[in-house]
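Participant: Below you'll find the structure I mean.
The values are calculated or read from the model by the stated rules, or taken from the named source; none is laboratory data. Quick caveat: nothing in here was measured; it's all calculated off a predicted structure. Neighbour counts run over all protein chains shown; Cβ positions are idealised from the backbone, glycine included. Just the protein is used for accessible areas: all its heavy atoms, side chains included, with ligands, DNA and RNA removed. Shrake-Rupley method; radii C 1.70, N 1.55, O 1.52, S 1.80 Å.
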Amino acid sequence: MKALIMGLGLHGGGLESARFLLNRGAEITVTDLRDEKTLAPSIEHLDKITAESGCKPVRYILGKHETNDFKNADIVIKNPGVRHDSPFLKVSKRIETDLSLFLSESPARLFAVTGTKGKSGTASALHWILKTDRKAGKAFLGGNITVSPLTFLNELTASDDVVLELSSFQLGDIKNHKNTEGQLLLKPSAAILTSIMHDHLDRYASMEEYIDDKRNIYRGQDDSCITVAGDDSWGKSFHAESRGRPLIWSDKQESLCPLLSGQSGGWITPSGLGFARLNNWEGVPEEITELVPEKVLTPGKHQKLNMLCAALTTFGLGINAQTIRGALASFPGIEHRLEFFHEAKGIRFYNDSAATIPEAAAACIEALTMQLSLQNGLILVTGGTDKNLNFLPLVNAAKKVKTLILLAGTGSEKLSQLLDEKGIPYHGPFDNLNEAVRLAVNKAVSGDNITLSPGCASFGMFLNEFDRGLKWKEAVKKLV
């Protein structure tokens, strides 16, 4: 079999697809628009795999694509970043992804998480709870969170649980993909949809087109499954369409239950406690039950909502409320999402590089300013590449910031115009991260918080948001 990997990438998806197909005797060609220097870590790893396994060496076509490679391949493995209307894909016989390869063979129970923001935090909290409540098997985490599920496919049994964070691009790639029995390939026992906001409008023609890819997360479900979604207009449309049993998460911070009569779901109170009420739910008591503790290790209302989604899912599947509360009380959060990583001279440093839309950066400002006394402030490093988004949520939140520092990029150009109109002062934009860090530290005093929360894409100065976060942490630790 001749297999073509379209987009080797740097996060393991193309690499693991190549390993998967090499183990099945395929002849592999890798094609990527990036050059050998950029892809060096993945190429080195893949060459090591072929050398150790004795497989035929991989053929590389870098810096370009060749149409004949696509025509001659029996199977093309598409990177999620590649657009569906690519002329190269139009001449391909069969198109798969690392996700479709995984779903075709996985025997494990599946939990799938998507949304605009909150999907990584929710998926990680869900995995944390499932790891805590093991009676048999193991719990695994993968997907858009930079771990290809093919890395653990060979370890899986029917007793295991797999949590996958899925982007709209990944979900769009498996639309209408079916298994050998003619059923949709993606059928998660629980489909969780977190907050929906404007995003990727540089890729999609409209919000409706963007959300239609999200809807693929539950289209293969039946009434044996659970669909967890919000109580806003998008969430209501998901529940109306899905055949899974509905669980509703509410972002209304109320002491009393905000759910309508007969609805099952959960909410966060003003004090920060998370509660659930399930009606006519087999094996679960109907009384209001505390699931999310008031004190957790990660700050912010949006982090509590992520935990609530994870708690509702596991509670609906029969996990004990006390087990859920205990697990969430010790949940450490995840890298690049409001990550507290350093403290020096009384100044606390955070990495929120995964905040790639303005609303996410605004939520970071809200979370970190709530921690501060009247004498202390927040120093925010923000900005980057635009995704055709509205920056007003970030600008309005920036009024609470003590010092605002911009990184260079098309998003910062739009952002600076709005800041000028509102009379909000800022420094930059800087095209050198070390200079931005040095200025932030010089402006800070003991008791301040300093965070990177860009509200933009990372391309230009960085490979991706994870590279941006790592370089931010490196610069802080080097200069402080």
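Participant: At 1.4 Å probe size, with every protein chain present, just tell me what the per residue accessible area of the chain comes to in Å². Write out the running numbers ahead of the final one.
Facilitator: Values: 20400 Å² over 480 residues.
Heavy-atom SASA per residue in the chain reads 43 Å².
Participant: Additional query: Based on Cα positions only, what radius of gyration and what Dmax would you give for segment 398-441, in angstroms?
Facilitator: Values for segment 398-441 (Cα only, Rg and Dmax): 10.3, 28 Å.
Participant: Could you tell me what % of all Cα pairs in segment 336-447 have separations over 22 Å? Don't skip to the answer; put the middle values down first.
Facilitator: On the way: 1581 of 6216 pairs.
Considering segment 336-447, 25 percent of its Cα-Cα pairs are separated by more than 22 Å.
Participant: Along the charge dipole of segment 40-96, pointing to its positive end and built from +1/-1 on Cβ of Lys, Arg, Asp and Glu, which listed residue (I43, G63, V91) has its Cα farthest out?
Facilitator: Looking along the dipole axis, the top candidate is V91.
Participant: Can I ask one more? For segment 350-480, with all protein chains present and a 1.4 Å probe, just round the carbon and sulfur fraction of the accessible area to a whole percent.
Facilitator: The C+S portion of the solvent-accessible surface of segment 350-480 is 51 percent.
Participant: Here is a further query. Can you tell me the length gained on complete extension of the stretch D431 to N154, counting 0.36 nm per residue apart and subtracting the Cα distance?
Facilitator: That pair, D431 and N154, stretches by 95.3 nm at full extension.
Participant: For a quick size check, give me the Cα extents of the chain along its three principal axes, largest first, whole Å.
Facilitator: Result for the chain: principal-axis Cα extents of 66, 57, 40 Å.
Participant: Could you compute the FRET efficiency for T323 and K93, with r as their C-beta to C-beta distance and R0 at 45 Å, rounded to 0.05?
Facilitator: 0.40
Participant: From the cross-link list K71/K175; K78/K387; K37/K443; K187/K236; K252/K400; K48/K473, which pairs have alpha carbons spaced over 27 Å apart?
Facilitator: Result: K37/K443; K48/K473 exceed 27 Å.
Participant: Under a crude label model (7 Å from the Cα following the beta-carbon direction), how far is S330 from N179 in nanometres?
Facilitator: 3.4
Participant: For S86 and E27, what does the FRET efficiency come to when R0 = 25 Å and r is the distance between their Cβ atoms, rounded to the nearest 0.05?
Facilitator: E(calc), rounded to 0.05, equals 0.65.
Participant: Mind checking which of P429, G262, S446 is farthest towards the positive end of the chain's charge dipole, using Cβ charges of +1 (Lys, Arg) and -1 (Asp, Glu) about the Cα centre?
Facilitator: It is S446, whose Cα lies furthest towards the positive end.
Participant: Enter the Cα centre distance for the pair segment 302-363 and segment 404-480, rounded to the nearest angstrom.
Facilitator: Computed from Cα coordinates, the inter-centre distance equals 22 Å.
Participant: Nearest 20 debye, what's the magnitude of the dipole of segment 21-80 about its Cα centre given +1 on Lys and Arg Cβ and -1 on Asp and Glu Cβ?
Facilitator: My answer is approximately 120 debye.
Participant: Another question about this same structure. What Kirkwood radius, in Å to one decimal, follows from the Cα pairs of segment 108-212? Provide the component values of the computation, followed by the final result.
Facilitator: Working: mean 1/r = 0.0681 Å⁻¹.
Result for segment 108-212 stands at 14.7 Å.
Participant: Separate question: Using modelled backbone amide H atoms (1.01 Å from N, in-plane), which distant-in-sequence or interchain residues come within less than 5 Å of K138's amide H?
Facilitator: Placed amide hydrogens put D160, D161 under 5 Å from K138.
Participant: Mind checking the log10 I(q)/I(0) for segment 224-342 at q = 0.17, 0.19 Å⁻¹? Debye, one equal scatterer per Cα, no solvent, two decimals.
Facilitator: -0.81, -1.00
Participant: Can you list the HN-Hα couplings for segment 48-54, worked out from phi with the Karplus curve (6.51, -1.76, 1.60; θ = phi - 60°), rounded to whole Hz and with x for Gly and Pro?
Facilitator: 5, 4, 5, 5, 6, 8, x
Participant: Whole-Hz Karplus ³J(HN,Hα) for segment 452-468, in order, using 6.51 cos²θ - 1.76 cosθ + 1.60 and θ = phi - 60°, x for Gly and Pro?
Facilitator: So the J values, rounded to whole Hz, are 8, 8, x, x, 9, 6, 9, 5, x, 7, 9, 5, 6, 5, 6, 4, 4.
Participant: Select from segment 290-328 those trypsin sites (Lys or Arg not before Pro) which occupy a DSSP coil region and have at most 10 other Cβ atoms within 10 Å, ordered by residue number. Mind showing how you got there, number by number?
Facilitator: Values: sites: K295, K301, K304, R325; in loops: K295.
Passing both the DSSP loop test and the Cβ count: K295.
Participant: Fully extended, how many nm does the chain gain between T50 and E287 (0.36 nm per residue separation, minus their Cα-Cα distance)?
Facilitator: Extra length from T50 to E287 when fully extended: 79.6 nm.
Participant: What is the mean projected area of the alpha carbon convex hull for segment 200-250, to one decimal in square nanometres?
Facilitator: 3.6
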